[in-house]
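Here is the structure we will look at.
The values are calculated or read from the model by the stated rules, or taken from the named source; none is laboratory data. Treat the numbers as computed from the prediction; the structure is a model and nothing was measured. With ideal geometry, Cβ positions are generated from the backbone for all residues, glycine too; neighbour counts draw on all protein chains shown. These accessible areas exclude ligands, DNA and RNA; they are computed on the full protein's heavy atoms, side chains included. Shrake-Rupley method; radii C 1.70, N 1.55, O 1.52, S 1.80 Å.
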Amino acid sequence: MTDPHALRPWRTITRRKCRKIRVGAVEVGGDAPISVQSMTNTLTADAASTIDQVRQLEEAGADIVRVSCPDEASTAALQQIVKSVKVPIVADIHFHYRRGIEAAKAGAACLRINPGNIGSPERVREVIQAARDHGCSIRIGVNAGSLESHLLEKYGEPCPDAMVESALDHARILQDHDFHEFKISVKASDLFMTVAAYQMLAEAIDCPLHIGVTEAGGQRIGTVKSAIGMGALLWAGIGDTLRVSLAADPVEEVKVGFDMLKSLGLRHRGVNIIACPSCARQGFDVIRTVETLEARLAHIATPMSLSIIGCVVNGPGEALMTDVGFTGGGKGAGMVYLAGKPDHKMDNDRMVDHIVELVEQRAAELESASLSPT
């Protein structure tokens, strides 16, 4: 009952087979759940502000959090940040090889680098050795907006072939040093380029893939673009960890990421609210009720389902497949459904508090059941 989207033969997604790596305590790839990431936008050198934001992301459910380390002050703060949070921290390193070495020593779980961009073979070797010595994995991060000049000359413009060639060139450097704890991303702001690049890369290498549409835009359009591009990849079984890149509060990135996975039946966290768009038949203000319930139930991490339907046309049918349901009726009241069955009536003016109480009770029951020995 907790999953109204239980798999059927026509709803099955077969994930691409790849090897598994670790980002701290989080497994990425193989049979591991698809992890959700975000990135802080505080100054990393301001450890207190960065720790506060990482904790907000943890509360939202983030599995992995990335911080930018552009200077020595940032890597100096990293040790305090890592010790003060629960999630593994990825250090974003662009060009300076010393920042990578410092971040590995400070406790970063992963380094986001492009090996070919950090200097001489000796410098590359030093960064790889630091990662090996301190148990760091590496993410090769290719962006269409920062491709190497020789690839732009070869292909004439950013394109999927150029992105994949860049990724494989960087991967070869790690493989030549017998380092295989890496994942790859090939991101663009263009949906078609992003999807095509990941499809090509998925066929070319067996490492885990970090997927995302980079620089997707503000919260509304960025969510739409990310859902289309990443949804197409996830539906095809491509993607082992993801970040939704929004010009918005990073917490929103985590929420959207989980909503995407939840919609595809790939991962479940929190309350899945099924609600009608409302019409003249509604027995109560559906839109305002759903907005209120989303805010008041945001603290629940236990996977479960709730249907909020304005009238009896579709309400009873939707309620059959949810843990808790409310269907609008007449005379200022509606029907409450528990485990898919009509249970009792409730006045509209008391429904929100009552539904919150029922959902919290059901979440506690499910949580208790999951912790009980079998």
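It is to be established whether one or more residues within the stretch 269-287 are in a helix (DSSP H, G or I) and within 30 Å of D353 (Cα to Cα). Walk me through it before giving the result.
Keep residues of the stretch 269-287 that are in a helix (DSSP H, G or I), which gives 286-287.
From what's left, within 30 Å of D353 (Cα to Cα): 286-287.
Yes, because at least one residue in the stretch 269-287 is in a helix (DSSP H, G or I) and within 30 Å of D353 (Cα to Cα).
Select from the stretch 253-269 the residues that are of a type outside the set (D, E) and out of contact with any helix residue (DSSP H, G or I) (no Cβ under 7 Å at 6 or more places or on another chain) and write down the one among them that is most open to solvent (accessible area, probe 1.4 Å). Outline the logic, then answer.
Filtering the stretch 253-269 for residues of a type outside the set (D, E) gives 254-258, 260-269.
Subsequent filtering for residues that are out of contact with any helix residue (DSSP H, G or I) (no Cβ under 7 Å at 6 or more places or on another chain) retains 257-258, 261-263.
Working: G257: 0, F258: 11, L261: 0, K262: 22, S263: 92 Å².
So, considering only residues that are of a type outside the set (D, E) and out of contact with any helix residue (DSSP H, G or I) (no Cβ under 7 Å at 6 or more places or on another chain), the one most open to solvent (accessible area, probe 1.4 Å) is S263.
Being open to solvent by 40 Å² or more (accessible area, probe 1.4 Å) and not in a helix (DSSP H, G or I) is the filter here; which residues of the stretch 213-242 pass it?
Residues satisfying the conditions are E215, A236.
For R123, are the conditions met, namely being assigned to a helix (DSSP H, G or I), of a type in the set (D, E, K, R) and modelled with pLDDT under 95? Show your work before the answer.
Details: assigned to a helix (DSSP H, G or I): yes; of a type in the set (D, E, K, R): yes; modelled with pLDDT under 95: yes.
For R123, the condition - assigned to a helix (DSSP H, G or I), of a type in the set (D, E, K, R) and modelled with pLDDT under 95 - is met.
Take P250 and decide whether it is in contact (Cβ under 8 Å) with a residue 60 or more places away in the chain, open to solvent by 20 Å² or more (accessible area, probe 1.4 Å) and touching a Ser or Thr at 6+ places or on another chain (Cβ under 6 Å).
Details: in contact (Cβ under 8 Å) with a residue 60 or more places away in the chain: yes; open to solvent by 20 Å² or more (accessible area, probe 1.4 Å): no; touching a Ser or Thr at 6+ places or on another chain (Cβ under 6 Å): yes.
No: the conditions fail for P250.
What are the residue pairs meeting all of these: first residue in the stretch 181-204, first residue over 15 Å from A216 (Cβ atoms), second residue assigned to a strand (DSSP E or B) and polar (S, T, N, Q), Cβ atoms under 6 Å, and 6 or more apart or on different chains?
Partner pairs satisfying both residue conditions: E181/S137.
Under the condition of being of a type in the set (A, V, I, L, M, F, W, C) and open to solvent by less than 20 Å² (accessible area, probe 1.4 Å), which residue from the stretch 337-351 is farthest from the chain's Cα centre (by Cα)? Reasoning before the result, please.
Start the filter on the stretch 337-351 by keeping residues that are of a type in the set (A, V, I, L, M, F, W, C), which leaves 338-339, 346, 351.
If we keep only those that are open to solvent by less than 20 Å² (accessible area, probe 1.4 Å) as well, we get 346, 351.
Details: M346: 37, M351: 32 Å.
It comes out as M346.
Of the numbered conditions (1) farther than 14 Å from S38 by Cβ; (2) in a helix (DSSP H, G or I); (3) of a type in the set (D, E, K, R), E252 fails exactly one; give the number of that condition.
(1)
Would you tally the residues in the stretch 158-172 being surrounded by 20 or more Cβ atoms within 10 Å (Cβ to Cβ) and either in contact (Cβ under 8 Å) with a residue 40 or more places away in the chain or within 14 Å of I113 (Cα to Cα) (or both)?
6
Answer yes if at least one residue in the stretch 298-308 is closer than 25 Å to R22 by Cα, open to solvent by less than 50 Å² (accessible area, probe 1.4 Å) and among the hydroxyl-bearing types (S, T, Y), and no otherwise.
Yes: the stretch 298-308 contains one or more residues that are closer than 25 Å to R22 by Cα, open to solvent by less than 50 Å² (accessible area, probe 1.4 Å) and among the hydroxyl-bearing types (S, T, Y).
Given the residues G334, G330, which is the only one that is touching a residue at least 40 places away in the same chain (Cβ under 8 Å), surrounded by fewer than 16 Cβ atoms within 10 Å (Cβ to Cβ) and not in a helix (DSSP H, G or I)?
On the way: G334 fails: surrounded by fewer than 16 Cβ atoms within 10 Å (Cβ to Cβ).
Being touching a residue at least 40 places away in the same chain (Cβ under 8 Å), surrounded by fewer than 16 Cβ atoms within 10 Å (Cβ to Cβ) and not in a helix (DSSP H, G or I) holds for just one of G334, G330, which is G330.
So A106 passes all but one of these: (1) open to solvent by 20 Å² or more (accessible area, probe 1.4 Å); (2) of a type in the set (A, V, I, L, M); (3) in contact with a helix residue (DSSP H, G or I) (Cβ under 9 Å, 6 or more places away or on another chain). Which condition number does it fail?
Answer for A106: the failing condition is (1).
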